[in-house]
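The values are calculated or read from the model by the stated rules, or taken from the named source; none is laboratory data. Bear in mind that the values here come from a model prediction, so they are computed numbers and not experimental data. As a convention, Cβ positions derive from the backbone with ideal geometry for all residues, glycine included, and neighbour counts pool all protein chains shown. In case anyone asks, the SASA skips ligands and DNA or RNA and just uses the protein heavy atoms, side chains included. Shrake-Rupley method; radii C 1.70, N 1.55, O 1.52, S 1.80 Å.
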Amino acid sequence: MTVLYEDNHIIAVSKTCREIVQGDKTGDTPLSEVVKAYIKEKYHKPGEVFLGVTHRLDRPTSGVVLFARTSKALTRLNEMFRSHEQIQKTYWAIVEHAPVPAEGQLVHWLVRNEKLNKSFVSKAGARDAKEARLRYRTLTKGERYTLVEVQLETGRHHQIRCQMAAIGCPIKGDLKYGAKRSNPDGGISLHARQVAFIHPISKQPITITAPVPDERLWHELTANLS
């Protein structure tokens with residue numbers, strides 16, 4: 001586990017595509033329990049360690065995950081994520097095909113199918129459809145793949161995966177949304193690159209950045225970025 005930031009109220013770690021944030025039916029040890037064990041050992045905490053999950057990343061996705069170490073921080077961070085105020089999440093994605101135009105806003109109406117664990121683009125006003133908005137820009141192009149930066153304006157199920165696929169740019173490795181082939185590690189090339197927010201207690205601006213996965217294509221596409 002790589003710790004990206006920690007203080008008395010929050011802790012941020014870098015998640016790999018093989019980890020889950022919270023427990024699920026697989027029974028695999030979730031990242032939340034790993035972080036609890038880390039805190040308990042480092043600070044010699046007796047008894048149960050408090051750790052609040054403020055947001056989630058899909059299992060095949062990598063990047064920054066932010067946890068709360070106090071109930072006060074958890075309440076305030078939950079409200080930030082719910083309202084999308086005082087907090088901004090930035091994602092990097094390696095996609096098949098370069099988006100046209102190179103940057104812009106995507107607005108779709110998405111319907112979640114829980115049985116398939118997948119979201120679908122629908123029409124406005126359709127039953128259970130929710131508006132999904134994001135902004136993207138092309139960062140760099142390779143021979144076969146393009147690196148884009150995405151900033152979410154809403155938080156819908158599989159939003160980036162579904163919306164990028166809807167414009168003909170599925171994320172590399174994301175078979176569920178139309179990618180041509182899987183990635184060797186079973187993940188998808190979607191990375192929660194950065195989270196910037198106002199600290200829930202100190203009120204100071206905080207920016208936390210997760211290094212990209214240690215893979216050749218990621219290094220090639222990000223080599224010339226500042």
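Filtering Leu57, Leu51 for residues that are open to solvent by less than 30 Å² (accessible area, probe 1.4 Å) and under 21 Å from Thr209 (Cβ atoms) leaves a single hit, Leu57.
I'd like to check something: does the stretch 115-137 contain any residue that is outside any loop (DSSP other than H, G, I, E, B), open to solvent by 40 Å² or more (accessible area, probe 1.4 Å), of a type in the set (Phe, Trp, Tyr) and in contact (Cβ under 8 Å) with a residue 40 or more places away in the chain? Walk me through it before giving the result.
As a first pass, look at the stretch 115-137 and keep what is outside any loop (DSSP other than H, G, I, E, B): 118-122, 130-137.
Okay, now just the ones that are also open to solvent by 40 Å² or more (accessible area, probe 1.4 Å), so 118, 120-122, 130-131, 133, 135, 137.
If we keep only those that are of a type in the set (Phe, Trp, Tyr) as well, we get 120.
Narrowing further to those that are in contact (Cβ under 8 Å) with a residue 40 or more places away in the chain: 120.
Yes, that holds for at least one residue.
Where strands (runs of 3 or more DSSP E) sit wholly within the stretch 139-210, those with at least 2 residues that are farther than 21 Å from Leu225 by Cα occupy 190-198, 205-209. Residue count for the stretch 26-60, restricted to those that are farther than 23 Å from Arg76 by Cβ and touching a helix residue (DSSP H, G or I) at 6+ places or on another chain (Cβ under 6 Å): 0. Scoring Ala192 on the criteria (1) open to solvent by 30 Å² or more (accessible area, probe 1.4 Å); (2) under 24 Å from Gln88 (Cα atoms) leaves a single failure, condition (1).
Might you let me know whether the stretch 16-36 holds any residue that is part of a loop (DSSP other than H, G, I, E, B), touching a Phe, Trp or Tyr at 6+ places or on another chain (Cβ under 8 Å) and surrounded by 13 or more Cβ atoms within 10 Å (Cβ to Cβ)? Even if it seems obvious, please write down each step before you answer.
First pass over the stretch 16-36, keeping only residues part of a loop (DSSP other than H, G, I, E, B): 16-30.
Filter once more, so that each one left must be touching a Phe, Trp or Tyr at 6+ places or on another chain (Cβ under 8 Å): none.
Looking for residues that are part of a loop (DSSP other than H, G, I, E, B), touching a Phe, Trp or Tyr at 6+ places or on another chain (Cβ under 8 Å) and surrounded by 13 or more Cβ atoms within 10 Å (Cβ to Cβ), one finds none in the stretch 16-36, hence no.
Each residue in the stretch 36-61 was checked for being over 22 Å from Met80 (Cα atoms) and touching a strand residue (DSSP E or B) at 6+ places or on another chain (Cβ under 8 Å), and 3 of them qualify. Close contacts from the stretch 2-13, counting a first residue that is surrounded by fewer than 15 Cβ atoms within 10 Å (Cβ to Cβ) and a second that is in a strand (DSSP E or B), with Cβ to Cβ under 7 Å and a gap of 6+ residues or different chains, come to Thr2/Val13; Thr2/Ser14; Val3/Ile11; Val3/Val13.
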